[in-house]
Amino acid sequence: MQLRTILVFSVIFLSNLLTVFAQTDTVRITLKAISGLQYDQVRLSVPPAAWVELTLINTDEMPHNWIMTQPGAREDVVDMSLELAKQGSTDYVPESDKVLQAIPLILPEEKYTISFRAPTSEGIYPYVCTYPGHGAVMYGAIYVTNNQLPPLTTDENVPPNRRNDENVAEEKPPKHPYPDILPAMYRTFMPNCGPAGIAVGLLGDISYCWDAGQCRLRYVWKGGFIDLEQHWSGKGKELAEIVGLVFYRDSTEFPFRIGEGQEIPTVEFLGYEMKNRYPTFKYRLNDVEVTERIVPTFETPGIKRMLTFSGLNESLRFVKGQHNMLYYSNQGEWEDEKTLRLSPEEAQEFTITITENMSGI
Amino acid sequence: MKKHSLVIVVIIWIVAGCTLQPIEREAGMIDDQRIDNFYSVEDVPLPEGLTAEIGGMDFMPDGRMIVCFHRGEVMTYDPREKTWELFAEGLHDPLGILALNNWEVLVMQRPELTRLVDNDNDGEAEEYLVATDDFGISGNYHEFAYGPAYNGKDLYIALNCASKNAGIWDEVRGETNMLGEVAGMYSAVEYRGWVMKLREDGVLEPVASGFRSPDGIGFDLEGNLFVTDNQGDWLGTSTLYHVEEENFYGQISSLVWREGWNGDPEEMPVSTLDSMRTKAAVLFPHNIMSNSPTQPLVIPENSDFGPFAGQLLVGEMDFPRIVRVMLEKVNGKFQGACTSFIDSAGLSIGNHRMVFGPDGSLWVGKSAYVWVGDRGIQRIRYNGGIPMDVLRMNVIPEGFKLTFTRPVDRKMAEKPDNYRFSRYYYAYHQKYGSPRMDEQPVAVKQVQISEDGKEVLLTLAEMIPGYVYDLQIGQLSSMEGVNLKNRRLFYTLNELPTNQTALSSR
């Protein structure tokens, strides 16, 4: 026991020293043992002589190990391990030149990390679980190469049932630790918007993009919400992907004017309040406090904007953002084809409904 | 027993060093390997479906931990019940959190510092209010925002520069200045590369410039502000800065946002830029100590966390390590040493955010993005006892004074060749990182040990300001035979003291 502690200390100490030499360009691999006697990845690729840090995580319900063998030696190593098992050993790592690296048996929910230098010569180095009974089906191969891998469908080095699918690891994981339901809202990088973007997905598969930098609705789409996988899986360079079809885009310089001038009001975003998963945005246009809540229309694709303007002492004008839409407001007067005028009283609480014109343009 | 361990060390050294056999770094959940006697590491259970890349962690007064995650969730964790609850969602890459009370938290996300309020005490925030968004965002993916650090009065945040691997968007928020688009990381919108202060009256004002990727901001016990920065252009190696108002810390792009600034920083001579900058209090040697330092966190006074109260811990992304920093003021300026606080012993890599819990244990949140890292949360508990370690490393005019946590074994400690020093510096230049420059061994001329055996005074052949002094201690144990835990220390020698320092006569 004491000796073991010393050994562990020494290993820790030495591995610290070694990181000095070893850290550069380490290939880090996380491999999982998953249910169905398989590894989640059946092919790994590392350059010759690369430092590899391989972590095996056992997410299965039974123990597994991992042995990397000399090229072509997988079945021999499996046989040797079986021999060990027969002799009553519970250590299934044979002492043999054919074994290059090994992670000993780990129990469910355990993980184990090893670091090693990949062989300097190119080749296909099998790996396999040698727990009795697993070796025949639970294997894969490390390609030590700088080149592309051969087609999976004809690769003899992976189990036959894994030659068609790259799918086991790609089963869509949940997005969040709660159900993926609508309405939903994300602050994220949206296309055709400023960098302080907001995406809101509503019931009825109507979604909209709101710009917190400019305090305005940017566009509305139908048929889905957004896909953030690319954005989340990278460093954030990839934008959110819109799922569906944009049918409304506000193409004005700014949709509201306060008073008679053409000046664009100064904007200040104040935040939002969530109610039943719908946001109500709060912002200032000049000194006027505005709230805006957007709900879907269900008959024809569209939205209803529920707005309040408080502290207004001049009239308010709203300018249509796109002409081939149907606009309806419960307050104010359309003073021409595109401009709605509201008195301060009318603007205290009003709605603007914008729907697709199903009769065509 | 000592003989044994030496033999084993040598054997492992030969095996590991010469034939490059596998080195065991981490042994999952095998219990006795996750404990290094004085501290033990355990994994915190997480809810199903959570991508546990942690941007910020704090504790609410009622004992719940509040954590924000890469995909925008903010969740609370009750350590007694081991239950997670959703507090807020939909935020953009939150990278910092501060609990104000049991119903209000501040979260730093890409576009703003946001105050989340749970008005009806149902455990879920209804209000998401802007605390400040008075800084630029260009849409460049690397413009992360960090903080807030709170000193009881003002809130401090740090703004990452943009990456040269992407441009800026046609539509940006805030003023632009393309003179800030220098080679390497750049600052094309206002206050990128700055540390900012949000005053109590809600005004966000610039504090200090010259940061590149300052993914760590925090205060020490005296209210001094420290920020870490990452090796890259203008950073030969990663740094810990003591941040004071109006200082410039070296990455040049942010200079364009200085009041009254005009001109192109790139056209200035490097020597001028060098003379303008405030040097790092501590350099973390790349590939040895730290490749990517994260949050600095002070160990509270009177904490039940071992002998290092008042010192800073710094998270590290690439190694299974938390770094410990020993600071002192020399000629009025902070400088000091770094070493490991914990290495491996069950700790994984990706150590991004840390917080002390009400019970005194240290909670460590992991992150990776697509850089080197990990996911999850680990908890480090102090098991009592005093590890054998260097408690303090102080500079003296002719060398260093090491103060140990326990009296040293004099036989081992008195040998000068048991202390291997080298010194080197890192170049200040536009190029990404710097090799160790002018690396030379430095001989230890004399070793003096204090009466109580805790202090060891090392007289060195030369002491040159501007160099990192890299110390490797050989076999050393305490009088009682406890082995020295961390044998490698790096002292950033910016200033040499002028007054004489002697061994204290305790």
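Just the residues that are without any contact (Cβ under 8 Å) to a residue 60 or more places away in the chain and either surrounded by fewer than 22 Cβ atoms within 10 Å (Cβ to Cβ) or not in a strand (DSSP E or B) (or both), please, taken from region B:204-213.
Correct list: B:E205, B:P206, B:V207, B:F211, B:R212.
Residues to consider are A:T188, A:T130; find the one that is surrounded by 21 or more Cβ atoms within 10 Å (Cβ to Cβ) and touching a His at 6+ places or on another chain (Cβ under 6 Å).
Going through A:T188, A:T130 in turn, the sole match is A:T188.
Checking B:I464 against (1) more than 23 Å from B:I288 (Cα to Cα); (2) in a loop (DSSP other than H, G, I, E, B): exactly one of these is not met. Which one?
Looking at each condition in turn, B:I464 falls short on (1).
Among the strands (runs of 3 or more DSSP E) confined wholly to region A:43-111, which include 1 or more residues that are within 14 Å of chain B (Cβ to nearest Cβ)?
Counting at least 1 such residues, we get A:51-58, A:64-69, A:99-106.
Do we have A:T252 as of a type outside the set (A, V, I, L, M, F, W, C) and in contact (Cβ under 8 Å) with a residue 60 or more places away in the chain here?
Against the criterion (of a type outside the set (A, V, I, L, M, F, W, C) and in contact (Cβ under 8 Å) with a residue 60 or more places away in the chain), A:T252 qualifies.
Can you report the number of residues in region A:301-314 which are part of a loop (DSSP other than H, G, I, E, B) and either out of contact with any strand residue (DSSP E or B) (no Cβ under 7 Å at 6 or more places or on another chain) or surrounded by fewer than 18 Cβ atoms within 10 Å (Cβ to Cβ) (or both)?
Summing the residues that are part of a loop (DSSP other than H, G, I, E, B) and either out of contact with any strand residue (DSSP E or B) (no Cβ under 7 Å at 6 or more places or on another chain) or surrounded by fewer than 18 Cβ atoms within 10 Å (Cβ to Cβ) (or both) in region A:301-314 gives 3.
Restricting attention to region B:151-166, does a residue exist that is in contact with a helix residue (DSSP H, G or I) (Cβ under 8 Å, 6 or more places away or on another chain), buried (at least 18 other Cβ atoms within 10 Å of the Cβ) and within 12 Å of chain A (Cβ to nearest Cβ)?
No, every residue in region B:151-166 fails to be in contact with a helix residue (DSSP H, G or I) (Cβ under 8 Å, 6 or more places away or on another chain), buried (at least 18 other Cβ atoms within 10 Å of the Cβ) and within 12 Å of chain A (Cβ to nearest Cβ).
Return the residues of region A:246-299 that are among the β-branched types (V, I, T) and modelled with pLDDT of 95 or more; say none if nothing qualifies.
A:V246, A:T252, A:I258, A:I264, A:T266, A:V267, A:T280, A:V288, A:V290, A:T291, A:I294, A:V295
In this structure, does A:A199 turn out to be under 16 Å from the mean Cα position of the chain (by Cα) and within 20 Å of A:G321 (Cα to Cα)?
yes
Only one of (1) more than 8 Å from chain B (Cβ to nearest Cβ); (2) buried (at least 21 other Cβ atoms within 10 Å of the Cβ); (3) under 19 Å from the mean Cα position of the chain (by Cα) is not met by A:G236, so which one is it?
Status for A:G236: all satisfied but (1).
Residues to consider are B:E143, B:E171; find the one that is within 11 Å of chain A (Cβ to nearest Cβ) and either surrounded by fewer than 21 Cβ atoms within 10 Å (Cβ to Cβ) or at pLDDT below 95 (or both).
So the residue among B:E143, B:E171 that is within 11 Å of chain A (Cβ to nearest Cβ) and either surrounded by fewer than 21 Cβ atoms within 10 Å (Cβ to Cβ) or at pLDDT below 95 (or both) is B:E171.
Does region B:341-366 hold any residues that are facing chain A (nearest Cβ under 10 Å) and not in a strand (DSSP E or B), and which are they?
B:S344, B:A345, B:S348, B:I349
Could you figure out which of (1) of a type outside the set (D, E, K, R); (2) within 11 Å of chain B (Cβ to nearest Cβ); (3) on the phi > 0 side of the Ramachandran plot isn't true of A:M190?
Going through the list (1) of a type outside the set (D, E, K, R); (2) within 11 Å of chain B (Cβ to nearest Cβ); (3) on the phi > 0 side of the Ramachandran plot, A:M190 breaks only (3).
Report yes if some residue within region B:271-283 is of a type in the set (G, A, S) and surrounded by fewer than 23 Cβ atoms within 10 Å (Cβ to Cβ); otherwise report no.
Yes: one or more hits.
Return the residue satisfying two criteria in turn: it lies in region A:211-231 and is part of a strand (DSSP E or B) and over 16 Å from A:F247 (Cβ atoms), and of such residues it is nearest to the chain's Cα centre (by Cα).
My answer is A:D227.
Could we say that A:L56 is surrounded by fewer than 21 Cβ atoms within 10 Å (Cβ to Cβ), under 36 Å from the mean Cα position of the chain (by Cα) and either modelled with pLDDT under 95 or closer than 20 Å to A:T30 by Cα (or both) here?
Taking the combined requirement at face value, the residue does not satisfy it.
For region B:317-340, state whether one or more residues are surrounded by fewer than 24 Cβ atoms within 10 Å (Cβ to Cβ), polar (S, T, N, Q) and within 14 Å of chain A (Cβ to nearest Cβ).
Yes.
If we keep just the residues of region B:381-435 that are crowded, with 17+ Cβ neighbours inside 10 Å, among the acidic types (D, E) and more than 21 Å from B:F284 (Cβ to Cβ), which is nearest to the chain's Cα centre (by Cα)?
B:E398
Enumerate the strands (runs of 3 or more DSSP E) found wholly within region B:54-114, keeping only those where 1 or more residues are at the interface with chain A (Cβ under 8 Å from one of its Cβ atoms), at pLDDT 95 or above and surrounded by fewer than 22 Cβ atoms within 10 Å (Cβ to Cβ).
Once the strands (runs of 3 or more DSSP E) in region B:54-114 are filtered for at least 1 residues that are at the interface with chain A (Cβ under 8 Å from one of its Cβ atoms), at pLDDT 95 or above and surrounded by fewer than 22 Cβ atoms within 10 Å (Cβ to Cβ), what remains is B:83-88.
Criterion first (more than 30 Å from A:L182 (Cα to Cα) and not aliphatic (A, V, I, L, M)) does A:E356 satisfy it?
No: the conditions fail for A:E356.
Any idea how many residues of region A:193-210 are more than 10 Å from chain B (Cβ to nearest Cβ), at pLDDT 95 or above and not in a loop (DSSP other than H, G, I, E, B)?
Residues meeting the conditions: 6.
Filter region B:214-252 down to residues that are within 14 Å of the chain's Cα centre (by Cα) and in a loop (DSSP other than H, G, I, E, B) and give me whichever is surrounded by the most Cβ atoms within 10 Å (Cβ to Cβ).
My answer is B:G216.
Within region B:367-383, is even one residue within 14 Å of chain A (Cβ to nearest Cβ), of a type in the set (K, R) and part of a strand (DSSP E or B)?
no
Taking region A:337-354, which residues are free of Cβ contacts under 8 Å to residues at least 60 places away in the same chain and buried (at least 19 other Cβ atoms within 10 Å of the Cβ)?
Passing the criteria: A:L340, A:L342, A:E346, A:A347, A:F350, A:I352.
Starting from residues that are in contact with a strand residue (DSSP E or B) (Cβ under 8 Å, 6 or more places away or on another chain) and either facing chain A (nearest Cβ under 9 Å) or assigned to a loop (DSSP other than H, G, I, E, B) (or both), keep the ones in region B:38-53 and report whichever is surrounded by the fewest Cβ atoms within 10 Å (Cβ to Cβ).
This residue is B:P47.
Residues being small (G, A, S), more than 38 Å from the chain's Cα centre (by Cα) and surrounded by 15 or more Cβ atoms within 10 Å (Cβ to Cβ): count how many of those fall in region A:79-106.
3
Could you tell me whether A:Y248 is out of contact with any helix residue (DSSP H, G or I) (no Cβ under 8 Å at 6 or more places or on another chain), in a strand (DSSP E or B), of a type outside the set (A, V, I, L, M) and within 13 Å of another protein chain (Cβ to nearest Cβ)?
Here the answer is no, as A:Y248 does not meet what is asked.
Facing chain A (nearest Cβ under 9 Å), over 30 Å from the mean Cα position of the chain (by Cα) and surrounded by fewer than 18 Cβ atoms within 10 Å (Cβ to Cβ): does that describe B:E126?
Yes: the conditions hold for B:E126.
The values are calculated or read from the model by the stated rules, or taken from the named source; none is laboratory data. What you are looking at is a predicted structure, and each value in this text was computed from that prediction instead of being measured. No Cβ is skipped: glycine too gets one built from the backbone with ideal geometry, and neighbour counts run over all protein chains shown.
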